[in-house]
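Pasting a structure below so you can have a look.
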Amino acid sequence: MQKRENLKNNNLHMAWFDDEWKQISTWQLTDKVNAWDFEFNHQGSQIAATLSPKNLIDQRYMFRKIYLIDLKTGDMQQVSQNEGKLGNYAFSPDGKKLAYTAALNLNDHQASQAFVVDLNSGSVSNHTPEHFRGHISWVNWKDDDHLLYYASEGVYPTLNTVPLKGGKREILLNAAECGIIFSPPKYTADFKDFIFTGSTPTDYINLYHWDGKQDPKKFSKRNKWLAEKELGRQEVIRYQARDGQEIEGLIIHPVAYEAGLTYPLIVYVHGGPESHHSNGWLSRYSTPGQVMAGKGYLVLYLNYRASTGYGVDFAMEGFMDPAGKEFDDIADGIDWAVRTKGADPDRVGLAGGSYGGYASGWFATYYTKYVKAVCMFVGISNNISRRGTTDIAYEELYVHSGKKLEEQWQLALERSPVYWAHQSKTATLIYGGAADTRVHPSQSIELYRRMKMNDHPAVRLVQYPGEGHGNRKQVGQIDVLYRQMEWFDWYVRDLNPLDGPMPRLDISDRYGLDWNY
């Protein structure tokens, strides 16, 4: 666990150099607070910095405020009025205003709004469109009078400007039209040339140039070998959940898909839940959609309730309701795929990491009838013990549970996979980092132990030394990829019985390493 006492703060310091780069003087700008990041204004006279009382990741998530520091006098004053989560920030070209993204309120689980503070008067205005069905995650400036912002709107991002004096936004670039899932851009001062990274359903990340008029042009050539591969067709899907709410997501069809035939299905659940899937390249080492499509699987990626990209009201559907409507939406998505896409209801697998790992545990236990096998990666299994072992306890309190544990013992217990472990009829692979401070490794151990104590015949626990909340090392990523594929092939595709042999434990031959050295 991250230490909580005798913390050393990060402070901002300034150094003055002469024309020959000889250091003349240095001085400290901040004290008794932790500085996380900073931005100079264009005039070089002020710094905006985000500060929190302590150097803890939970403080970064929930307690950062933006302060303005005058470089001549050293005077410092708070200028943001955000409650809870804070995103990026940027000075206007004339240095008179500061734009920033932040949550709407303390319980909003992600930065969603575009704010501007007048640095002379201190007044703050919100420039998010009314009833906005999206999340604004990045702001900058077109000029002194026009705010620039990047928003996620469903499975597509948009780049927008809005006049500070009021009026409707102008959508400059829409991924739904250009087909590229682009990132927030770098751009020239004259606002005529933009550079960003982007992906498509068939092309992993590349660099793009955009002139502000025509479609963006790709100018890097990474992963050219993908053009030689036959990939599964990716499609945006929408369906109605059991209460009538429309849910959006993406499906990758098997490479040789034919309507009218049945196929095994894999569902990949994103984490957070303050995240979402966009209609770009989706395959990663722990969610290898195109790999599974090549092996003959249907693959679903669902933006269930509490996902970002659909507005604050949609995101708040999961507040104080863990594993409620959120995971019901996933079950309804499985039913939809069975009805409309030829998914075989007897051959369904589900996987995800972090909150997606929580979903994996929930479907292995509470919703065990839906899935033949799950792969639970750094997932939550016990909401009671998790709240006492995570490094983001305040984030969990303010944007997820809403009340202290003492007021929610029964809810926390009944929304935990360990509570339902005794009824599991699902082959369950549990894996994660042994050094995870976000979702402590004991979460994996608890579910494994509850299943074993209830004589579950097909549960396996794998922990990766030195890995945290998601594997960073190449060998650990390769192990997750191949271990997951073999687990699903064994139980979902081939329907091997739960009470028979499990897939092999040692898969080191998959690592591609030469051990003879």
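Where a number appears in this text, it was derived from the coordinates with a stated rule and is not lab data. What you see is a predicted model, and the numbers here were worked out from it, not measured in a lab. For neighbour counting, all protein chains shown are included, and Cβ atoms are generated from backbone atoms with ideal geometry for every residue, glycine included.
Rank the residues Leu282, Leu51, Leu164 as a footprinting-exposure proxy: fewest other Cβ atoms within 10 Å of their Cβ go first. All intermediate terms of the calculation are to be shown ahead of the outcome.
Values: Leu282 22, Leu51 25, Leu164 18.
The most exposed by this proxy come first: Leu164, Leu282, Leu51.
Can you tell me which of 491-497, 370-376 comes out highest on packing, and rank the rest after it, using the mean Cβ neighbours within 10 Å?
Numbers: 491-497: 17.6, 370-376: 28.4.
Answer by packing, highest mean first, reads 370-376, 491-497.
Got a sec? Charge dipole of the range 230-510, +1 on Cβ for Lys and Arg, -1 for Asp and Glu; which of Tyr398, Ile334, Met320 is way out at the positive end?
Of the candidates, Ile334 comes out farthest on the positive side.
Testing the spin-label approximation: label points 7 Å from Cα along Cα→Cβ at Lys213 and Asn11. State their distance in nm.
Output for this residue pair reads 5.3 nm.
Dipole size in debye (nearest 20) for the range 230-510 around its Cα centre, Lys and Arg Cβ +1, Asp and Glu Cβ -1? Intermediate values should be presented prior to the final figure.
On the way: 29 positive and 34 negative charges, 107 e Å.
Result for the range 230-510 is approximately 520 debye, rounded to the nearest 20.
While we're looking at this one, here's another question. Arranged by the count of other C-beta atoms within 10 angstrom, fewest first, what order do Glu274, Glu246, Glu414 take?
Ranked by crowding around the Cβ, least crowded first: Glu246, Glu414, Glu274.
Can you give the FRET efficiency for Ala176 and Asp118, using 1/(1 + (r/R0)^6), R0 = 35 Å, r = Cβ-Cβ distance, to the nearest 0.05? Intermediate results must be reported in sequence, preceding the final value.
Working: r = 34 Å, r/R0 = 0.97.
E between Ala176 and Asp118, to the nearest 0.05, is 0.55.
Quick one: work out the % antiparallel among DSSP beta bridges in the chain, nearest 5.
Values: 77 of 103 bridges.
Counting only bridges with both partners in the chain, antiparallel ones make up about 75 percent.
Straight-line reach from Lys473: which lysines have a Cα under 23 Å away, not including same-chain ones fewer than 8 places off?
Straight-line reach from Lys473, under 23 Å: no lysines qualify.
Related question: Where does each of His42, His277 land when they are ranked from fewest to most other beta-carbon atoms within 10 angstrom?
Numbers: His42 13, His277 23.
Sorted ascending by nearby Cβ count, the order is His42, His277.
Could you list, in their original order, any pairs among Lys65/Lys403; Lys229/Lys325; Lys341/Lys425; Lys8/Lys142; Lys72/Lys97; Lys218/Lys341 whose Cα atoms are separated by more than 28 Å? Can you show the working numbers first?
Values: Lys65/Lys403 23 Å; Lys229/Lys325 38 Å; Lys341/Lys425 25 Å; Lys8/Lys142 38 Å; Lys72/Lys97 19 Å; Lys218/Lys341 33 Å.
Going by Cα-Cα distance, Lys229/Lys325; Lys8/Lys142; Lys218/Lys341 fall outside the 28 Å limit.
Going highest first, how would you order 403-410, 261-268, 420-427 by mean Cβ packing within 10 Å? Mind showing how you got there, number by number?
Numbers: 403-410: 11.4, 261-268: 23.1, 420-427: 20.1.
The densest-packed peptide leads the list: 261-268, 420-427, 403-410.
Let me ask another. Go through the range 1-58 and name the GluC sites (Glu not before Pro) that are in a DSSP coil and have 11 or fewer other Cβ atoms within 10 Å of their Cβ.
Those satisfying the criteria are Glu5, Glu20.
How high is the FRET efficiency between Trp27 and Asp144 when r is their beta carbon distance and R₀ equals 25 Å, given to the nearest 0.05? Let's see the in-between values first.
Numbers: r = 31 Å, r/R0 = 1.23.
Taking R0 as 25 Å, the efficiency between Trp27 and Asp144 is 0.20.
What dipole magnitude, in Debye to the nearest 20, does the chain give about its Cα centre under +1 on Lys/Arg Cβ and -1 on Asp/Glu Cβ?
Details: 56 positive and 62 negative charges, 157 e Å.
Taking the Cα centre of the chain as origin, the dipole is about 760 debye.
Residues with beta-carbon under 13 Å from that of Ala323, excluding Ala323: net charge, scoring Lys, Arg +1 and Asp, Glu -1? Let's see the in-between values first.
Numbers: positive: Arg305, Lys325, Arg386, Arg415; negative: Glu317, Asp321, Glu326, Asp328, Asp329, Glu414.
Local charge sum for Ala323: -2.
Counting other Cβ atoms within 10 Å of each Cβ, which chymotrypsin sites (Phe, Trp or Tyr not before Pro) in the range 193-244 have at most 15 and sit in a DSSP loop? Please report the intermediate quantities before stating the final value.
Values: sites: Phe194, Phe196, Tyr204, Tyr208, Trp210, Phe219, Trp225, Tyr239; in loops: Phe219.
Passing sites in the range 193-244 are Phe219.
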